[in-house]
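The numbers here are math on the coordinates, done by the rules we state, and not lab data. These figures come from a predicted structure and were not determined experimentally. Don't worry about glycine lacking a Cβ; one is built from the backbone with ideal geometry, like all the others, and counts go over all protein chains shown.
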Ligand SMILES: NC(=O)c1ccc[n+]([C@@H]2O[C@H](COP(=O)([O-])OP(=O)(O)OC[C@H]3O[C@@H](n4cnc5c(N)ncnc54)[C@H](OP(=O)(O)O)[C@@H]3O)[C@@H](O)[C@H]2O)c1
């Protein structure tokens, strides 16, 4: 049986597709949830599920010790919380920001919250709404350790894995953005691969299944490259940067042969060629980081 208020009181501001999933996961685990959304109609179904609906951001902040915000972005957060009554109610509360933003926005938000007497935790959700509350979802958090301790049971009610990255408040969004960089560039690579498969009359669904199977091996390669970058040692007895550049040249040639949009291989091959031209061809592919460091 569901234990009443097992996780404590929480207010959730923002009930878009992610906010509503967070609220539902917490209600199902017995938290006492107060919810607010700018467009009230989106909040109404939650009342039938046991949430109290707040009539304003100020009322939501007043209702709970921990206030979770999950709106479009950081400016929208200020849009909701900057009204004097809401800002005044923040004193003594824990403010947990789960909207996506940059490390700089996290630092600014921490300073903003501290000025209003709130303890601030910045978070990042590595999941889609249907994964919330399930083992495959992850929430990263950084900032005040006391804020983390107070909100940890609630965060664990929302995600299968909760990782605290320390007091440097920009850490969660930095890791989130690095993750997004990896996911989106991987997806573009997959879509290009899907065009190669389509051009040969093969099944894209089979490619997806195969990629899912090899994901752990790709993860191991990434980890090896990460260790090499961290150590600053780029020698490789395996694949060289030159070999990778040649594979990308082949991808570009094949795209032209098959009439496939060459944007991705043209971009990637040009980048790796820069690495070869800079004299890193006999090092491992992770030496490409040295080219990217110069591009700032
Ligand atoms: N969806 C995902 O897969 C996913 C995954 C990871 C992280 N996230 C992050 O979670 C956050 C919310 O995403 P979502 O998918 O829930 O987005 P969404 O469905 O578009 O909902 C956006 C929410 O922000 C509110 N909002 C926007 N501008 C506002 C303002 N000026 N003042 C007050 N409220 C405002 C909206 O209120 P109204 O209903 O009134 O418009 C709505 O509740 C984003 O930062 C997103 O990057 C989402």
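I'd like the antiparallel share, as a percent to the nearest 5, of DSSP beta bridges with both residues in the chain. Could the numbers behind the result be given before it?
On the way: 6 of 29 bridges.
Here the share of antiparallel DSSP bridges comes out near 20 percent.
Sorting check: for 235-246, 91-102, 134-145, 175-186, which peptide has the highest mean count of neighbouring beta carbons within 10 Å, and how do the rest follow?
Most protected by this proxy first, the peptides run 91-102, 134-145, 235-246, 175-186.
Using a basic spin-label model with each label point 7 Å from the Cα along Cα→Cβ, how many nm lie between residue 6 and residue 188?
4.4
Answer rounded, prolate or oblate for the stretch 203-294, using the Cα gyration tensor with square roots of eigenvalues a ≥ b ≥ c: rounded when a/c is under 1.5, else prolate when a/b is larger than b/c, else oblate.
oblate
What ranking, highest mean first, results for peptides 83-90, 53-60 when packing means the other Cβ atoms within 10 Å averaged over each residue?
53-60, 83-90
Angle, helix 145-158 long axis vs. longest principal axis of the chain, Cα atoms, 0 to 90°, nearest 10?
So the inclination is approximately 80 degrees.
Suppose we look only past 24 Å in the calculated P(r) of the stretch 124-220. What percent of the Cα-Cα pairs does that tail hold?
Details: 1797 of 4656 pairs.
Summing the P(r) tail past 24 Å for the stretch 124-220 gives 39 percent.
How big is the equivalent ellipsoid of the chain along its three axes, where each semi-axis is √(5λ) from the Cα gyration tensor, reported in whole Å from largest to smallest?
Rounded to whole Å, the semi-axes are 44, 22, 17.
Mind ordering 65-74, 210-219 by average Cβ neighbours within 10 Å, highest first?
On the way: 65-74: 21.8, 210-219: 9.7.
Averaged packing, sorted descending, gives the order 65-74, 210-219.
Hey, what angle do you get for helix 204-231 against the long axis of the chain, alpha-carbon based, 0 to 90 degrees rounded to 10?
Result, in degrees: 90.
Compute the relative contact order of the chain as a whole-number percentage, counting only Cα pairs closer than 8 Å that sit 6 or more residues apart in sequence.
12
As a test of the formula, what do you get for the chain when each DSSP H run with n ≥ 4 contributes -39,500 (n - 2.57) and the sum is divided by the residue count, at 222 nm and rounded to the nearest 500 deg cm²/dmol? Write out the running numbers ahead of the final one.
Values: 12 runs with 160 residues, N = 296.
Theoretical 222 nm ellipticity from helices: -17000 deg cm²/dmol.
Under 10 Å, Cα contacts only: if you run a Gaussian network model on the chain, which one of 109, 80, 278 comes out with the highest mean-square fluctuation?
278
Give me the Kirkwood hydrodynamic radius of the stretch 9-168, using the inverse of the mean 1/r over all pairs of distinct Cα atoms, in Å to one decimal.
15.1
For helix 241-258, report the angle its Cα long axis makes with the longest principal axis of the Cα atoms of the chain; keep it between 0 and 90° and round to the nearest 10°.
It is inclined by approximately 90 degrees.
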